Amino acid sequence: MRHHLAGALAALVLLNPVPAQAAHAEHKATGYLSTQAGPGRFPLVERGTAAPIVTSANDYPGVLRVAGDLQSDLGAATGVTPRTAQDTVPGGRDPIIVGTIGRSTLIDRMIATGKLDTRGIAGKWETSLQQVVDHPLPGVRRAFVIAGSDQRGTIYGAYDVSRLAGVSPWHFWDDVPVPHADALYVLPGRHTQGSPKVKYRGFFINDENPSTGTWAPAFFGPGKAPGYPGGLNSGYYAKVFETMLRLKANYLWPAVWGRAFAEDDPANHATASYYGVVMGTSHEAPMMRGIEEWNRHPAGTGEWSFRRNPDAIKDYWRTGIERMRDEDIEGVVTLGMRGNGDVSLPDGDGIDLMSSIIDSQRQILAEEGMLGAPQVQTLYKEVQRYWDQGYRPPDDVTVVFCDDNWGNMRKLPDASLPPRGGGYGMYYHFDYVGDGRNYKWADTVNLTNTWEQLHRAYTSGVDRLWVANVGDLKNSEQPTQFFLDYAWNPDAIPLSGIQDWERRYAAGSFGTSLSAPIAEILSRYGVLQSRRKPELLNRRITLDPAKDVRTDPTAVIYDDQGNPFSLTDYAEMDRVVAEWQALAEQATRVRARVPQAWQDAYFQLVYYQVKATANLYELRRAEFTNIRYAAQGRAATNALADEAEARFAEDQALNAHYNTALAAGKWKDWQLQPKIGYGNVARYGPNAPWQQPELNNVALPDEIYPYLKRIDVPAGAALGVALDGGDAATLPEFSPWQAQSRQYLDVYNKGTTPFTYRITAGQPWVHVSHASGTVDQQVRAYVSVDWKRAPAGVTAVPLKIEGAGSTVQVSAPIRNPGIRPRGFAEANGYVSIPATGFDRKTGTWQVLPGIGKTGDGVMPVSASPGLDYRVTLTTTGPVKISALLMPRNGSLRYSVSVDGAAPQVVDAVAATGANDTTMNRQWARNTSDNVNVTTTTHEIATAGTHTISFRALDSAVILQRLIVDTGGVKYSYLGPPTSRRF
């Protein structure tokens, strides 16, 4: 370990320090800290005087460094900066003593004299004790002691004090000020955060271009590898390491795309050691060497092939292990091999090959004296096949299971297998580059969904190593902190505790007075955002009904010019946009309450992602409405193009504020991530459907893809009529049981001259709003029914629209059932039932709040539990029942029946052909749509009340909704609105 870097790195820690702030934000110390004096309380800062911080010179460099952070943190919180000292307590002052058991002479002396009881702490992994001790050392009246079981235990203990004093883990990355306290006191008693439940916990900086890759070399200076100025240097990683430790993480996969951690700055590994961080490498980078090192210095033939170039590759791997040993790097060694560029191996995927690779790697470790280092094999994408086909790495190797890149675990340990010495790990994604589309721009995580998958993994025995792909880290703050908090102690965040966690997270940066409204915004944001990634808002994925998706991959159609949300049915696009607009308005109202000093932090952690996503939805609505209007020749076509361009300009303005004005220009060129121009094959080539466009987010209107349309509107006036539901002549059926009480028709102009119009209903009990008037460009009129006067049965009521010398007649079909409804009632040709709308249940189910696209989901807890739903149908004959499940992998078996008929058993994965092993197009559709939909057909003999019985046959089944299609279900992304329940 290169201790000579300690002085320079300690100075680097103070780069861009957070200033102490006036008391503009309400904040109270919590936990074992208080702002009020009291009996037995130890004053950290009182009446302008701070307790000195004392360490032992022979402690770990990382402990000596964190004492400096604690010093600056207390200074930022109180305006009084403590003195520091080593081995000697400044006279007349009660000190803060920070040290590691077995390493600090001060701590060990207190233990030896019986002054400090470390039972339950000593010998544990990464555990700390905070305690006020009387007469701890000769001549010392009292001390506040922070004692760690090991280096990171001490570091976590010190940072826990900083957190309770009000220092956010995100103080650097999001410019969170430190609220001011005149005094801080430690409460009496023994305090500990316990030991982590997951041994290695961390994240992967990945897909770091363009944001990190542009911003970091400019802010911290370029990398130091000759010819590679875009590398990330030790200044950048020091800030990453500090944030990790403040979040109680200990493990990092460094950035990989065009970057080599060990080479970009020779001080990078030494900096990790100095901070006390465990280094690893990603699933594609074995033996402690990033793949970029191979790309820069190809050995032998330069071919990344173990079959054809084994000697050069083994020499390459050996160098990585020698470096790990010689530089005393604490690390976890990745075993196995993938193809260069994070793809499958060019050599094939036979078990014999993988076995030979890992045997060779283990031999190198043994020859270099490093076989005892922790090792992992990550079963990423095709690598899982080896496990599925029976290959098992040596027992001491940790087997890391992976999600499917979209937050759904692909596999978990088989409970029937004997325990592994190396245990099991998990690799999870909050950011991804690949099919069905990159998602890199903003946080899109639903915490309930993440909780369920983390909980399932942990309770299945996955507790040795957890790593999350967090992209740039910044922009994924909330899911990253949730992931790490859960890894530290899953029991502290039960399902019922997610809202409490969200409030604590918000309070950590904005204080308790704003924590509830901010947590509410972020919670709602996660629900809305997880429905569909923002990058996918101009792509519709549909099925060719003439083809079998299980055997024909062309059955899945990717339409990169299709709005996934319906413009014509169920008012879906308008409803979704309204939800986003309401959330943006809520975020704006809360923004007005945020103190000025916290405005930059609020913009980064809350406002930008909410406002920019809401604006993006408005842009897409204007864009696709413009395209539709152009086909109809509406005079309003060009106004919609103007609106879309205005929304694009708003997007650019938000980005410009981020990139130039935010935090006095600190984040120059950070907000560059494309999100709008995906899919433009003509401009970006064959990978455009999923890969990011490189020129998006510059002020080019043609980046709004699909392209906007403008038309020449002729002089004069011409009548046009468009109906709710998109049918040319017939409105959707009206029913007193329907969820929507009215439907609309648009009277529009195809010319530039206004005209008068009149709408006449064929029955007096059919009412039309805006039944007459003047049309400039268009008027929306709503049709409703007076059900007290409407006759029983089905009636077709004509509606006559007159204007501009023309007449258009359309029909309004009106069904007034003659039976009494019970349960969810059929209307408009469907019954839409939320998962939680059951009338009876058997076994045990757990409600997962907000996990579905339109509400809560339910998950079985006991074996084969059931749910019964009561419905009233007016349709007889064959009906279709679709089950909307979360798009999990593996086996998703359920059964469904009507009125006690023989249950139909469905495996939702096998039935759809959504093979996550090959990650095929149906899988891409399911993950992009965030749902797995399967359908069964049932015979209804009589109209009236019926019971639908749903049974979960696999524990991974999470039901979002049931939809009964009696012949009227139209395309919509969210599915038809919830039916009325009687």
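Please treat every number below as a calculation from the coordinates, not as lab data. Keep in mind the model is a prediction, meaning the values are calculated, not measured. Cβ placement follows ideal geometry from the backbone for every residue including glycine, while neighbour counts extend to all protein chains displayed.
Please give the contour-minus-distance gain from R190 to R742: 0.36 nm per residue of separation, less the Cα-Cα distance, rounded to one decimal in nm. Each step should come with its number before you reach the end.
On the way: separation 552, 0.36 × 552 = 198.72 nm, distance 6.42 nm.
Contour length minus the Cα-Cα distance gives 192.3 nm.
Can you pull the three principal axis extents for the Cα set of the range 747-857, in Å, largest first?
Largest to smallest, the principal-axis extents are 66, 35, 18 Å.
If you bin the C-alpha pair distances of the range 534-703 every 10 Å from 0, what whole percents do you get?
9, 30, 34, 19, 6, 1, 0
Could you give the C-alpha radius of gyration of the chain expressed as a fraction of 2.2 N^0.38 Å, taking N as the number of residues it contains?
Working: Rg = 31.2 Å, N = 982, 2.2 N^0.38 = 30.2 Å.
Output field value: 1.04.
Run down the lysines and flag those whose C-alpha is under 21 Å from the C-alpha of K547, throwing out any fewer than 8 positions away in its chain.
K880, K970
Provide the three semi-axes, in whole Å and in decreasing order, of the ellipsoid equivalent to the range 510-549 as defined by the square roots of 5 times the Cα gyration tensor eigenvalues.
They are 39, 9, 5 Å, listed largest first.
Filter the trypsin sites (Lys or Arg not before Pro) in the range 760-809 down to the DSSP loop ones having no more than 11 other Cβ atoms within 10 Å, then list what survives.
K788, R789
Roughly what % of DSSP beta bridges within the range 66-156 run antiparallel, to the nearest 5?
On the way: 7 of 12 bridges.
Of the beta bridges lying entirely in the range 66-156, close to 60 percent run antiparallel.
Among 636-642, 43-49, what's the highest-first ranking by average C-beta atoms within 10 angstrom per residue?
Top to bottom by mean Cβ count within 10 Å: 636-642, 43-49.
Structure shown: which of K411/K675; K248/K474; K709/K750 lie over 19 Å apart, alpha-carbon to alpha-carbon?
Beyond 19 Å: K411/K675.
Of all chymotrypsin sites (Phe, Trp or Tyr not before Pro) in the range 739-836, which ones are in loop regions per DSSP and have a Cβ with at most 16 other Cβ atoms within 10 Å? All intermediate terms of the calculation are to be shown ahead of the outcome.
On the way: sites: Y744, Y748, F755, Y757, W765, Y782, W787, F824, Y830; in loops: W765, W787.
The qualifying sites are W765, W787.
Binning at 10 angstrom from zero up to the longest distance, how are the C-alpha pair distances of the range 418-485 distributed in percent?
With a bin width of 10 Å, the distribution comes to 19, 48, 27, 7, 0.
Suppose R0 equals 60 Å. What FRET efficiency, 1/(1 + (r/R0)^6) with r the Cβ-Cβ distance, do T81 and T301 give to the nearest 0.05?
Efficiency at R0 = 60 Å is approximately 0.55.
Working out 0.36 nm times the residue gap between A901 and K197, then minus their Cα-Cα distance, what length gain in nm do you get to one decimal?
So the chain would gain 248.7 nm between A901 and K197.
Hey, what number do you get for the chain at 222 nm if only DSSP H runs of n ≥ 4 count, each worth -39500 (n - 2.57), divided across all residues, to the nearest 500?
For the chain, the value works out to -8500 deg cm²/dmol.
Have a look at the DSSP beta bridges in the chain and tell me what percent are antiparallel, nearest 5.
Rounded to the nearest five, the antiparallel share is 70 percent.
Report Rg/Rh for the range 882-982, rounded to two decimals, where Rg is the Cα radius of gyration and Rh the Kirkwood radius.
Working: Rg = 14.3 Å, Rh = 14.6 Å.
Checking Rg against Rh, the ratio lands at 0.98.
In whole angstrom, note down how far apart the Cα centers of the range 395-420 and the range 458-489 are.
If you average the Cα positions of each part, the centres end up 16 Å apart.
Label-point separation (nm) for D352 and I819, each offset 7 Å from Cα along Cα-to-Cβ?
Calculated label separation equals 6.6 nm.
I want to check the label-to-label distance for Q586 and W787. Put each point 7 Å from Cα in the C-beta direction and report it in nm to one decimal.
Spacing of the two 7 Å Cα→Cβ label points: 2.9 nm.
Order these by the 10 Å Cβ neighbour count, fewest first: S234, S305.
Numbers: S234 26, S305 17.
Ascending number of Cβ neighbours within 10 Å: S305, S234.
Round to the nearest 0.05 the FRET efficiency obtained for Q499 and Q389 when R0 = 60 Å and r is the Cβ-Cβ distance.
Once rounded, the FRET efficiency stands at 0.90.
Using only Cα atoms, what Kirkwood radius does the range 3-191 have, in angstroms?
Every distinct Cα pair counted, the radius reaches 16.5 Å.
Quick check on packing: order 307-319, 476-488 by the mean number of other C-beta atoms within 10 Å, highest mean leading.
The packing order, highest mean first, is 476-488, 307-319.
Given a Förster distance of 35 angstrom, what is the FRET efficiency for A112 paired with E368, based on the Cβ-Cβ distance and rounded to 0.05?
Efficiency for this residue pair is about 0.35.
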